[in-house]
Amino acid sequence: MKISSNGIDIEVEDSAAGPQQALSGTTQPVILLIMGMGMQLVAWPPRFIAALRQAGYRVLRFDNRDVGLSQHMDLLGAPHLVWESLKFKLGWGVHAPYSLHDMAADALGVLDALHVARAHVLGVSMGGMIAQRLALLAPRRVLSLTSVMSSSGAAGLPAARPEVLRVLLSRPPSRDHAAVVEHYVRLFQVIGSPAYPMPASELRQQIELAARRGYDPAGTLRQLLAVMADRQRADELCTIRVPTLVVHGSSDPLLPLAHGEDTVRRIPAARWLAIDGMGHDLAPGVVTRLLEALLPHLQAADRQPVAAAPAGMAA
């Protein structure tokens, strides 16, 4: 369903029975899932969603701005990636059409529109960065934070492997559906988990669904610039006080393990899970390992006393 959030249209999937029930509220604890750069809400593995629902959670997932069925920011134009990348390498300010703070405000707007006072927040990759930003923006709205295969954004952390960057920054030879699918199959083969290989048929099915739903390379580049421009977040993470779990793979070729290690070091009392052989995906084996740590993390946070509900959904 479409909702208005932070002044734009956001596509949301709510595990509540239907729109009317969703809008009326529920006593179930809520978990808000935030997907990574260029990825859509359909990228969340069905088994992951089912496990959360079986554990008693109302699951909210949404398309970030510029992907899928949410509003695309075409009027902001196509980014000059080469120039902005050079500025990033030189430590100069990157000009981004919008910020991760804006994207966190989108996520907060989803909670507002669905009358959710507080939620557990879990993000993967760029979604983990947005989740961190949400915990900084509205800490009283966040029951717990889970940052998966993400980063603090600190300067000096290791870059992605060159072969990954080549595929990530390349384009399909055409916008034809088959060409787009083959491009993303190749990308996920490069960034996938060596110890937990994704079944080829499952990977292709997931990518074909996303390609039919929407393909916007300019939108993905705008998201990339938002990530590159967010240079202060690392220094702010020390102020996060919500229960936090940081999960990262030892074999992540896109955001190497040091990115997760730096994140957990900066957030007070954050818990750490390094998964041997995990890359930069949510393969079935990775989902199993993630759930083993995630569900106790959520349940422990649910048992903690919370302050009075925010008046008028204020941050």
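Worth a mention:
- In the stretch 215-234, the residues that are open to solvent by 10 Å² or more (accessible area, probe 1.4 Å), charged (D, E, K, R) and closer than 16 Å to Gln40 by Cβ: Asp216
- Just one of the numbered conditions (1) part of a helix (DSSP H, G or I); (2) at pLDDT 95 or above; (3) surrounded by fewer than 17 Cβ atoms within 10 Å (Cβ to Cβ) is not true of Arg166: (2).
- Some residue of the stretch 182-189 being of a type in the set (S, T, N, Q), within 26 Å of Val264 (Cβ to Cβ) and either touching a residue at least 60 places away in the same chain (Cβ under 8 Å) or assigned to a helix (DSSP H, G or I) (or both): no
- Taking the stretch 235-257 as the range and being farther than 12 Å from Met149 by Cβ and crowded, with 17+ Cβ neighbours inside 10 Å as the test, the residues that pass are Leu237, Ile240, Val242, Pro243, Thr244, Leu245.
- Any hit, the stretch 190-197, residues being out of contact with any Phe, Trp or Tyr (no Cβ under 8 Å at 6 or more places or on another chain), β-branched (Val, Ile, Thr) and in contact (Cβ under 8 Å) with a residue 24 or more places away in the chain: yes
- Any hit, the stretch 34-55, residues being free of Cβ contacts under 8 Å to residues at least 60 places away in the same chain, open to solvent by less than 40 Å² (accessible area, probe 1.4 Å) and small (Gly, Ala, Ser): no
- Odd one out for Gly25, checked against (1) open to solvent by less than 50 Å² (accessible area, probe 1.4 Å); (2) at pLDDT 95 or above: (2)
- Residue selected from the stretch 71-84 under the condition open to solvent by less than 60 Å² (accessible area, probe 1.4 Å) and in contact with a Leu (Cβ under 9 Å, 6 or more places away or on another chain), by the criterion modelled with the lowest pLDDT: Glu84
- Considering the conditions (1) within 19 Å of the chain's Cα centre (by Cα); (2) open to solvent by 40 Å² or more (accessible area, probe 1.4 Å); (3) hydrophobic (A, V, I, L, M, F, W, C), Ala155 is excluded by exactly one of them, (1).
- Test for Ala210: is it within 20 Å of the chain's Cα centre (by Cα), modelled with pLDDT of 95 or more and assigned to a helix (DSSP H, G or I): yes
The values are calculated or read from the model by the stated rules, or taken from the named source; none is laboratory data. The model shown is predicted, which means the values in this text are computed figures rather than measured ones. Here the Cβ is made from the backbone with ideal geometry for all residues, glycine too, and neighbour counts use every protein chain on show. The protein model used for the area step is the full one, side chains on, heavy atoms only, and it has no ligands, DNA or RNA in it. Shrake-Rupley method; radii C 1.70, N 1.55, O 1.52, S 1.80 Å.
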